[in-house]
Every structure is written in C-alpha cells, then in structure tokens.
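This report concerns only the one structure given below.
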Amino acid sequence: MSREIDRLAQPTTQKGMKVVVVSCSRTGTLGLHSAMAILGYTPYHMYEVLFVHGYPHMRLVREAVIAENNRFSGIKRYERPEMDKWLADYDCLIEIPPYIGLSALEGYIQDPDVKFILTERDPSKWVRSFNNTAGEAVKVADAFPMSVLKHFDAELGGFFGNAQLMYRAMSDGIDKGHPDNEAILRRNYIEYIRNVKKTIPSDRLLVVSLEDGLGWEQICPFLEKPIPNEPYPRANVQERFEEIVGEFLRPRVTAAMLRLSALVVPPVAIAGYLGWRHFRR
C-alpha cells in the first residue's frame with residue numbers, strides 16, 4: 001500500500017535528530033518550541049505543520065496517527081527511516097510523539113545521541129486544559145457551519161480532520177461531554193507518562209513537572225547549553241492557543257465561505273453562525 005511518506009521527495013540532506021520532546025499537548029510544548037529555537041535547535045511542532053508546510057504535512061501527520069492507532073488501516077507504522085525522511089530539515093521534535101506512538105520513536109530511543117524531554121502536569125488539570133482546547137476544536141468541527149465549510153478548503157478540512165483524529169486517539173474515540181470522557185483521558189494520560197518513563201533510558205530523559213516550574217534552569221543543564229540572556233518564552237495559555245488557531249483558521253474559513261457562497265448562500269448567512277470567539281477577532 002503506497003503511503004504519503006513514500007511519495008514524499010527524498011531529502012538531499014539530513015540534519016539529524018538531537019532532541020525529542022515526548023510531552024503531551026497542553027504541557028508547555030509551545031513554550032518549549034520557542035525555547036528550543038532560542039537554544040539553536042530547529043524544532044518541528046504542529047506550528048510547522050500548519051504554518052510552514054501546510055496540507056502535505058497535515059497528510060503525513062494523519063497517516064502516522066492512523067498507522068499507530070488503527071491496526072486495521074493497512075498502513076505500515078512509521079519507523080526510523082520514515083521519521084528521518086519526514087523530519088530531515090529538523091533536529092528537534094515536539095508535541096507530535098504522543099499521537100504517533102513510542103514505537104515510531106524506537107530508532108531515536110536506541111540512538112545514544114538523542115535526548116528526550118518529558119513535561120508533565122497534574123492529570124486532572126491536563127484533562128481540563130486538553131478538553132478546553134482540542135476538545136472544543138472537535139466540537140466546532142462537528143457542528144454547523146464548520147461541518148460544511150471544512151469540505152470547501154483542503155487545509156481547513158485537514159486541520160479539523162487531524163484535530164478530531166488526534167483528540168480521539170487520546171480519548172479512545174469518546175468526545176467531550178460524554179460521561180466517560182474525563183476518566184478515559186486521565187487514564188490514557190497517566191498510562192502514556194508511565195510508558196515514556198519505562199521505555200526511554202533514564203540517563204537520556206529529563207522529566208519536568210509544570211507544577212515545579214519549567215524554564216532555562218531545568219532544560220539547559222540537561223542539554224549542556226548555556227542559559228540565554230532572555231526570559232524563558234511565555235507558556236501556552238488557552239488564550240495564546242486560541243490566538244494561534246484563529247490566525248490559521250480565519251483566512252481559510254473566509255476562503256471556504258466564498259467558495260460555498262458561490263454555490264448556494266451569501267457569506268453573511270454563514271458568518272452569523274460562527275460562534276468560536278477567535279473567528280470574530
């Protein structure tokens with residue numbers, strides 16, 4: 001079965017992976033993305049998927065997540081060769097590991113030159129944060145008008161399709177609002193953290209609790225980097241998440257509305273239904 005990764009052009013150079021942040025979303029990953037860039041790394045995060053590479057890399061993410069989480073998909077799971085091809089221009093991977101599974105990282109785990117960072121937080125706080133961000137994105141994707149608009153712009157559809165896929169990979173397919181949702185998310189989060197600590201060699205794994213603080217003092221000694229003469233980047237609070245998502249969505253929602261309006265209804269008729277606040281900025 002031909003895969004998206006097989007059709008990706010073979011890179012001419014390979015930067016080589018140095019650091020993998022195996023943290024779940026909503027545990028300081030966006031701040032780490034900025035911090036790693038300040039330290040001289042070239043990080044790959046969902047930000048790069050959305051704003052740098054767009055739809056082709058959305059399809060890679062989708063394929064890797066499905067390969068890991070759907071055993072009946074017929075898609076061979078990603079391993080070191082696929083990861084190296086996908087991430088040839090980067091030396092730091094952030095946020096994506098929990099969704100594609102530790103098996104995809106096995107080649108990096110076996111490589112003594114690759115270091116790992118795991119940030120964790122109180123599981124109940126993580127569940128609330130994850131539901132208030134990713135969970136809300138899933139609700140928007142399933143509701144009118146986004147349930148229609150996402151079919152009129154490839155990147156809009158790719159964003160919401162991946163949001164649904166990645167959220168449901170963490171929630172066993174149970175959406176926010178279901179009586180079992182929070183318990184399942186909490187269980188899966190705890191289990192993932194436990195597996196990371198069990199699987200990755202402790203001498204190459206830095207574990208940081210957000211409740212204890214996350215900053216240069218925690219990560220720089222581990223990475224053998226001097227502490228920069230600038231503040232540690234702002235944490236990814238919910239408002240910042242909405243700002244970034246809104247920046248990505250607004251032009252694509254507009255494009256989808258225009259395409260749809262050319263067929264059936266005026267854009268203003270749809271705009272009145274857009275309730276997620278970052279669309280109104």
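The values are calculated or read from the model by the stated rules, or taken from the named source; none is laboratory data. These numbers come from a predicted model, not from an experiment. Here Cβ is always computed from backbone atoms with ideal geometry, including for glycine, and neighbour counts include all displayed protein chains. Ligands, DNA and RNA are excluded from the accessible area calculation, which covers all protein heavy atoms including side chains. Shrake-Rupley method; radii C 1.70, N 1.55, O 1.52, S 1.80 Å.
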Dipole magnitude of the chain about its Cα centre, charges +1 at Lys/Arg Cβ and -1 at Asp/Glu Cβ only, in debye to the nearest 20? 580
What nm value, rounded to one decimal, do you get for the distance between ALA183 and MET1 when each label is placed 7 Å out toward the C-beta? 3.3
For the chain the translational diffusion coefficient, Stokes-Einstein from a Kirkwood Rh over Cα pairs at 20 °C and viscosity 1.002 mPa s, in µm²/s, is roughly 108
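Tell me, what % of the accessible area of the stretch 79-160 is carbon and sulfur with a 1.4 angstrom probe?
Numbers: 1340 of 2710 Å².
Solvent-exposed carbon and sulfur of the stretch 79-160 make up 50 percent of the total.
So which GluC sites (Glu not before Pro) in the stretch 155-235 are both in a DSSP loop and have at most 12 other Cβ atoms within 10 Å of their Cβ?
Values: sites: GLU155, GLU182, GLU191, GLU211, GLU217, GLU224; in loops: GLU224.
Listed in order of number, the matching sites are GLU224.
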Given H placed 1.01 Å from N in the peptide plane, which residues other than close sequence neighbours of GLU120 have an amide H under 5 Å from its amide H? VAL208, SER209, LEU210
Cβ-based net charge around TRP126, under 10 Å, with every Lys or Arg adding one and every Asp or Glu removing one: +3
Pull up all non-local amide H partners of THR42: gap of 5 or more, or a different chain, and H-to-H distance under 5 Å with H placed in the peptide plane. ASP91, CYS92
For peptides 61-70, 9-18, sequence by mean Cβ density within 10 Å, most packed first: 61-70, 9-18
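Which of rounded, prolate, oblate describes the stretch 92-203, given a ≥ b ≥ c as roots of the alpha-carbon gyration tensor eigenvalues and a/c under 1.5 marking rounded, otherwise prolate only if a/b is larger than b/c? Let's see the in-between values first.
Details: a/c = 2.92, a/b = 1.59, b/c = 1.84.
Oblate shape, in that a/c is at least 1.5 and b/c is the bigger or equal ratio.
Given LYS76/LYS176; LYS76/LYS198; LYS85/LYS125, which pairs have Cα atoms separated by over 27 Å? Write out the running numbers ahead of the final one.
Values: LYS76/LYS176 30 Å; LYS76/LYS198 25 Å; LYS85/LYS125 36 Å.
Over 27 Å apart, Cα to Cα: LYS76/LYS176; LYS85/LYS125.
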Out of PHE144, PHE72, PHE152, a Gaussian network model of the chain with alpha-carbon springs under 10 Å gives the largest mean-square fluctuation to PHE72
Principal axis dimensions, the stretch 127-182 - Cα atoms, whole angstrom, descending: 33, 18, 17
Heavy-atom surface of the chain, accessible at 1.4 Å and reported per residue (Å²): 47
Need the C-alpha centroid separation for the stretch 93-157 versus the stretch 184-230, integer Å. 17
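Set the Förster radius R0 to 41 Å, insert the Cβ-Cβ distance between GLN110 and ILE227 as r into 1/(1 + (r/R0)^6), and round the FRET efficiency to 0.05. Could you put the intermediate results ahead of the total?
On the way: r = 30 Å, r/R0 = 0.74.
The formula returns an efficiency of 0.85 here.
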Averaging sequence separations of C-alpha pairs under 8 Å and six or more residues apart, then dividing by the length of the chain, give the relative contact order as a whole percent. 25
Would you grab the residues whose amide H sits under 5 Å from the one on LYS115? Only those 5+ places off in sequence or on another chain, please, with H modelled 1.01 Å from N. VAL19, VAL20
Using Cα springs under 10 Å in a Gaussian network model of the chain, which residue among PRO231, PRO98, PRO251 shows the largest mean-square fluctuation? PRO231
